[in-house]
Every structure is written in structure tokens, then in C-alpha cells.
Amino acid sequence: MAELIAPTGRLHASWLTARAEWEPGAHQDGAGLRLAGGDDLGSPEGFESWAERLRQQSDRSLPVGEGRVHATHWWIVEGGTYLGAIDLRHYLNALLLEGGGHIGYSVRPSARRRGLATWALGAVLLQAPSLGLDRVLLTCDDGNVGSARTIESNGGVLEDVRGTGLGVKRRYWITLDGAGRGRSSDQAGLPSRA
């Protein structure tokens with residue numbers, strides 16, 4: 001059964017296997033790869049340094065770099081295997097409001113079409129009210145039918161499709177109920193974190 005956990009150095013080998021499935025240089029929404037900086041993610045030390053930076057990004061007492069916002073990162077795992085990533089940005093800057101949104105997610109190619117993104121998004125929406133959010137913005141590339149379905153399955157209402165500095169984006173808003181759900185459903189809660 002899949003679960004969401006905090007980034008950890010324990011998944012280094014599994015993460016490297018997952019990375020090999022992506023096209024070189026491919027963007028992985030929600031993975032926080034930009035926070036890797038100059039770290040060598042192929043080395044255990046560089047990987048652990050990056051995982052620690054991901055964990056620290058949620059700490060509002062610590063500054064974030066220019067153009068960045070505080071965010072909480074989770075990895076989607078199953079049986080010790082890294083399947084993807086999802087993050088919840090605590091607030092929006094101008095770029096995120098235009099085309100990035102509050103939540104980014106990606107699932108490794110071999111784990112797609114299993115409902116993992118829909119499940120993970122539903123679980124993370126439950127966390128948004130604890131940050132004072134009563135609605136969240138999600139975006140996806142205009143041609144990304146799978147991501148659009150994931151967002152719509154969690155209560156996303158399309159605001160518009162527009163050209164942005166990040167490409168042509170479908171922009172959805174999810175208005176949360178008091179429990180963080182975008183619609184009445186029996187969405188699963190956030191699993192335990194390892």
C-alpha cells in the first residue's frame with residue numbers, strides 16, 4: 001500500500017532507479033530538484049543533504065531563497081520503493097499564482113495509471129487547512145489530460161487556460177471544506193510518515 005513520507009536518505013538507491021526512468025533534464029513537478037543546487041545526488045552524502053533541505057523548507061522560521069516559498073515535501077512510496085513526489089506550497093508568489101499553484105506532483109513513469117497522483121493529492125489537500133488555506137490553486141500543462149483528471153477528481157474547478165512564463169497552463173481552484181476535502185468524498189487521510 002502506498003504512503004507519503006518525508007524525504008529521506010534511506011531511499012537513495014530507489015530514487016536513482018526512478019530518476020533513470022525520466023528523460024534527461026525532465027522537470028518533475030513537486031520533487032524539489034531545484035533545491036539540490038550543486039549536490040551530487042548520485043552520492044549518498046549529496047542525496048541526504050538534498051533530502052534535509054527538502055525537509056527544512058517547511059520550517060517557516062528558516063529563510064527560503066529568493067523567488068522560493070515555504071513548502072512541505074512528501075515522497076510517494078510503497079514497500080520501500082520511491083514512486084513519486086508531491087509538495088504543498090504554503091503561499092503563492094507571483095510566478096506560482098500565474099502558473100505554478102500551491103501543489104505540484106509527479107509520479108515515476110513505471111508507476112503511472114495506478115491512481116497514485118489522485119490519491120496523493122487528496123491526502124495532501126487534507127493538510128492545507130492547517131496552513132490557513134481554504135482554497136488552493138493547481139495547474140497543469142494544457143495537454144496533460146491525466147493531470148487534469150487528477151485535479152478534477154479532487155474537486156478542481158477550471159478557472160482558465162492561459163499562456164504563462166511556464167507555458168500554456170490549465171488553472172484550477174479547489175475550495176476546501178473544513179476537513180480539507182475539495183468535495184464530499186471518502187478521501188483517504190494522510191498516511192503515517194516514516
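The values are calculated or read from the model by the stated rules, or taken from the named source; none is laboratory data. Treat the numbers as computed from the prediction; the structure is a model and nothing was measured. Cβ: placed from backbone, ideal geometry, glycine included. Neighbour counts: every protein chain shown.
Remarks
- Residue list for segment 75-118, restricted to those being of a type in the set (D, E, K, R) and either outside any strand (DSSP E or B) or touching a residue at least 24 places away in the same chain (Cβ under 8 Å) (or both): GLU78, ASP87, GLU98, ARG108, ARG112, ARG113, ARG114
- The set of residues from segment 12-46 being modelled with pLDDT under 90, in contact with a helix residue (DSSP H, G or I) (Cβ under 9 Å, 6 or more places away or on another chain) and assigned to a helix (DSSP H, G or I) comprises LEU33, LEU35, ALA36.
- Boolean, HIS27 is surrounded by fewer than 23 Cβ atoms within 10 Å (Cβ to Cβ) and within 18 Å of VAL136 (Cβ to Cβ): no
- Filter result for the condition that a residue is crowded, with 19+ Cβ neighbours inside 10 Å, out of contact with any Pro (no Cβ under 7 Å at 6 or more places or on another chain) and not small (Gly, Ala, Ser), over LEU83, LEU16, LEU54, LEU33: LEU83
- Filter result for the condition that a residue is without any contact (Cβ under 8 Å) to a residue 40 or more places away in the chain, under 30 Å from ASN144 (Cβ atoms) and under 19 Å from the mean Cα position of the chain (by Cα), over ALA31, ALA51, ALA36: ALA36
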